[in-house]
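Notes follow once the structure below has been shown.
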Amino acid sequence: PCNVVVLISGSGSNLQALIDSLDEENPVRIRAVVSNRAEALGLQRAQAAGIETHVVQHRDFADRESFDAALMEIIDVHQPQLVVLAGFMRILTPGFVRHYQGRLLNIHPSLLPKYKGLDTHRRALEAGDHEHGCSVHFVTEELDGGPVAVQAVLRIGADEEIGALTERVHAAEHIIYPLAVRWFADGRLRLAEQGAMLDGDLLPPTGYL
Ligand code: GAR
């Protein structure tokens with residue numbers, strides 16, 4: 001099995017998609033869900049699935065280093081092969097990122113390297129882009145800058161409203177994140193020095209589309 005710990009901050013719809021993807025053939029075992037917000041709906045989703053939950057509130061810590069140290073302590077109890085960021089909205093310290101080097105995945109709501117950071121759907125619309133989407137990537141010390149494993153590309157409709165676009169990107173996230181996690185668990189996806197590799201092949205900088 002592949003032990004996984006999932007970090008969330010909010011709704012946890014990506015966590016739900018991951019939970020829903022599990023079956024007997026899937027080696028992924030979600031050992032714990034950790035949230036930095038006690039009100040995160042994703043905590044209820046985890047509990048409903050019988051998964052252990054933890055709340056580590058960043059406000060209870062003096063700085064990022066001590067917050068991340070508390071996170072690491074909880075995570076490492078489970079000896080995870082993989083840590084999955086699913087809408088976890090805190091920037092992690094270099095020490096945290098190094099500790100989970102090669103076993104830390106994130107999903108980001110844009111076609112990286114475009115639109116790192118926040119407000120990605122609005123920025124894509126305001127730029128007049130014809131395409132938008134989401135990316136699963138390995139986390140490195142560069143924020144939203146690690147090698148991409150897989151992307152989903154959506155054509156932006158004429159006069160598409162931000163709400164509709166946000167919803168469509170979310171639906172695409174729910175497809176590609178369980179896929180990438182499964183690849184990792186099956187030993188097919190890994191982080192190499194030159195970038196992300198799938199089945200021994202170096203992926204293009206934007207990952208698989
Ligand atoms: C997702 O759209 C994810 O891509 C985004 O937060 C949302 C979480 O939704 N993540 C980031 O913006 C990371 N910087 P969820 O809680 O329903 O999975």
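Cβ-Cβ under 9 Å, sequence separation 6+ or interchain: first residue in the stretch 157-186 and touching a residue at least 12 places away in the same chain (Cβ under 8 Å), partner assigned to a loop (DSSP other than H, G, I, E, B) and acidic (Asp, Glu). Which pairs?
168/160; 183/199
Going residue by residue through the stretch 66-80, is there one that turns out to be more than 16 Å from the ligand (Cβ to nearest atom), open to solvent by 60 Å² or more (accessible area, probe 1.4 Å) and not in a helix (DSSP H, G or I)?
yes
Report, ordered by the first and then the second residue, all pairs with beta carbons closer than 9 Å, sequence separation of six or more or different chains, a first member in the stretch 118-139 that is open to solvent by 50 Å² or more (accessible area, probe 1.4 Å) and within 16 Å of the ligand (Cβ to nearest atom), and a second member that is hydroxyl-bearing (Ser, Thr, Tyr) and not in a helix (DSSP H, G or I).
So the pair list comes out as 123/110; 123/115.
State whether one or more residues within the stretch 26-34 are within 16 Å of the ligand (Cβ to nearest atom) and either of a type in the set (D, E, K, R) or open to solvent by 80 Å² or more (accessible area, probe 1.4 Å) (or both). Break it down into steps so the answer makes sense when it comes.
Taking the stretch 26-34 as the starting set, the residues that turn out to be within 16 Å of the ligand (Cβ to nearest atom) are 30, 33-34.
Going one step further and asking which of them are either of a type in the set (D, E, K, R) or open to solvent by 80 Å² or more (accessible area, probe 1.4 Å) (or both), we end up with none.
No, the stretch 26-34 has no match at all.
Yes or no: residue 59 modelled with pLDDT under 95 and either open to solvent by 20 Å² or more (accessible area, probe 1.4 Å) or within 16 Å of the ligand (Cβ to nearest atom) (or both)?
Taking the combined requirement at face value, the residue satisfies it.
Hey, among 107, 156, which residue is open to solvent by less than 60 Å² (accessible area, probe 1.4 Å) and within 13 Å of the ligand (Cβ to nearest atom)?
107
The values are calculated or read from the model by the stated rules, or taken from the named source; none is laboratory data. The structure presented is a predicted model; accordingly, all values stated were derived computationally and were not measured. FYI the Cβ positions are ideal-geometry reconstructions off the backbone, even for glycines, and counts take in every protein chain you see. What goes into the accessible areas is simple: the full protein's heavy atoms, side chains included, and nothing from ligands, DNA or RNA. Shrake-Rupley method; radii C 1.70, N 1.55, O 1.52, S 1.80 Å.
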